[in-house]
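Since the structure comes first, as structure tokens, the remarks are kept for the end.
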Amino acid sequence: MARWQVMAGCAACLLVLGTGTVAKAEQTIDEAGVIVCINDKWDEKEVEKGHKLVDYAGRCVDVPDDSTQEKYTEDCTGKYEYMPDGSWKGSGSCKITFKGGDTMKSSWEEGSALKEYPYDYSDGTGKYEGATGGGTYFYENLTDTLAAGRFKGTIKLP
């Protein structure tokens, strides 16, 4: 094959490739780390003896074990229900904000029947637009307003 034929073929390839859209490979970020939370609101109402409903609002800081991953904050709201038999459950959502301003939403569940609490990611902006994923976390109350624990999961970027 002559040199000019190779060059013409390469130019044609570049023209075709340059006018198409490039598919990006999905990136998965494995995350694990420490979560520390403060309760800003714990509005408890007893609807009948031993049966309580709670409106919750709080903030958390998540610090990944991997120092190359971004730290982030969470502004959370949710509802809890405590039953007369001692069982309880809760669910809600958090707006996650990364240092650069990008955001994601997480939805979470907690309860006395769960050993670890599940969470799911959705509705991101910036780098996290279209992100999905999730994982589990567990924390314990240290005081009436402070809690700490660990999280582990994945963030899938499109």
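Ranked by the mean number of other Cβ atoms within 10 Å of their residues, highest first, the peptides 129-138, 83-92, 43-52 come out as 129-138, 83-92, 43-52.
In the neighborhood of residue 45, defined by Cβ-to-Cβ distances under 9 Å, what is the net charge if each Lys or Arg adds +1 and each Asp or Glu adds -1? Spelling it out: positives minus negatives among the neighbours equals -3. Placing unit charges on each Cβ (+1 for Lys and Arg, -1 for Asp and Glu) gives the range 21-83 a dipole about its Cα centre, and among 80, 28, 60 the Cα reaching farthest toward its positive end belongs to 80.
No value in this document is a laboratory result; all are computed from the given coordinates. Small disclaimer: the values here were computed from a predicted structure and weren't measured. Methodologically, a virtual Cβ is constructed for each residue, glycine included, from the backbone with ideal geometry; neighbour enumeration extends over all protein chains shown.
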